[in-house]
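To start, the structure itself, in C-alpha cells.
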Amino acid sequence: MKTVSSSLIACVVVFAGSVSVATAQQGPGRPGLSAGMADGVRTASSSTRPERETLLKFMRPLTVEFKESRLEDVVKFMAEVTGADIEAMWIDDRHSIGLNKDMLITFNAKGLTALKVIERVLQRSSERGDYNENGWQMSDGGAMQIGPKERLNAFKRLEVYDINDLLVELPRYDNAPEFDLQSVLQSTGQGGGGGGQSPFRDTNQDRGNQDRTTRQDRADSVIDILTQLVEPEQWADNGGTGGTIRYYQGTLMVNAPDYIHRQVNGYPYWPAGQSVTVVQGRRWVSLNADTAASQLEGLANQPVTAVVPGGGR
C-alpha cells in the first residue's frame, strides 16, 4: 500500500492528535499510472454516452484506507482518484437534509472497485446519520449524484416498460376427461357401430379456462412485486416520495428517480467486468467488449529501420 501524494493532501486529516491518511494502490513499477488504475490499462476517451464513461471510471480497483477522515475529503479523494464528476447533496443553508461534510469516516478496503468503495462510504454515513438512507444515481449529464434518497427523489423521469410478455397466461389442461374403455368394448361385442354414446365421461370443453385471472389482475401482481421488492419505502403508493407506477394497455408507466429505474430495468450501458484467469501459475486478463474504451499504456506503432540483405543498405 502506497501513501497518497501531496496532490491529494485534502485526504490527510489530523484528528485527536493523530494523522489519518487515505491511501490508494498503484501498479508496481508503473509510477505514471493513477491510483487504483488497473496495471497497464487506462481509460481512453470514447464516443459512448457520458453515464457509461463515468461508470467505467468507477470500475477501477482500489485498495484504500480512511481513518477518521471527513466525508467531504473522502468524496474529493474519490473524485480525484477516479477522474469522475461527483455531485454530492450536502447539508447547506437551503437544505436541512443532506450529507454532513464533517462526518468522520473510517473504512478499509482491498481490491474493491471504486463503485463498491463509494457505496460502502455512503452506507457508513447512513448508519451514523439521522436522515434517510443514502444512495447514488446517474444524472442526465453523466455525473454521479450521491446523497440521501429524499434528495435524489427530486430528479425524476418517466419511463414506459412493455410487460406484455409477463401478462401471458397459457391455459392448463390438467384435468382431462376420462376415457371409458369398458363401454367401448361392450358396444363392439354387441355389434354396435357406434350408438352415439361418447366414450368420454366428461366432455367439459372449458376446463383450460377455469380459474384464469384477468390481465389487469396479473398487471396488479407485477406492480405489487416491484413496489415490495424495489425500494418499498420510496413509492408513493407506500407513502414515499420516490416514484409512481401505473398500468396502461400492456405497459408500466414509471415516474421515478434514476436509482429506482436502475433496479427495475438496469442500465443498458452498464460496463461488463473483467475476468482474470490463472493456469499453471500464469495469469492474464480477458477483456470484454469494453476494450474499445481502453488502451495499453506504452504500446504504440513505431517506425523501425533495418538492414535487409541484398537491399544495398
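Points worth noting:
Residue by residue, here is whether (1) surrounded by fewer than 20 Cβ atoms within 10 Å (Cβ to Cβ); (2) free of Cβ contacts under 8 Å to residues at least 60 places away in the same chain holds:
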| site | (1), (2) |
| --- | --- |
| 102 | yes, yes |
| 110 | yes, yes |
| 113 | yes, yes |
| 118 | no, no |
| 135 | no, no |
| 138 | no, no |
| 142 | yes, no |
| 167 | yes, no |
| 171 | yes, yes |
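- Any hit, the stretch 238-254, residues being modelled with pLDDT of 65 or more, in the same structural domain as residue 157 (by TED's automatic domain parsing) and part of a helix (DSSP H, G or I): yes
- Positions within the stretch 49-100 being charged (D, E, K, R), in a strand (DSSP E or B) and farther than 11 Å from residue 117 by Cβ, in sequence order: 67, 68, 70, 87
To keep it simple, each residue is scored yes or no on (1) among the aromatic types (Phe, Trp, Tyr); (2) at pLDDT 90 or above; (3) closer than 19 Å to residue 134 by Cα.
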site: 34; (1), (2), (3): no, no, no
site: 40; (1), (2), (3): no, no, no
site: 47; (1), (2), (3): no, no, no
site: 60; (1), (2), (3): no, yes, no
site: 65; (1), (2), (3): no, yes, no
site: 72; (1), (2), (3): no, yes, yes
site: 82; (1), (2), (3): no, yes, no
site: 86; (1), (2), (3): no, yes, yes
site: 98; (1), (2), (3): no, yes, yes
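The values are calculated or read from the model by the stated rules, or taken from the named source; none is laboratory data. Bear in mind the structure is a predicted one, so any value in this text is a computation, not a measurement. Here Cβ is always computed from backbone atoms with ideal geometry, including for glycine, and neighbour counts include all displayed protein chains.
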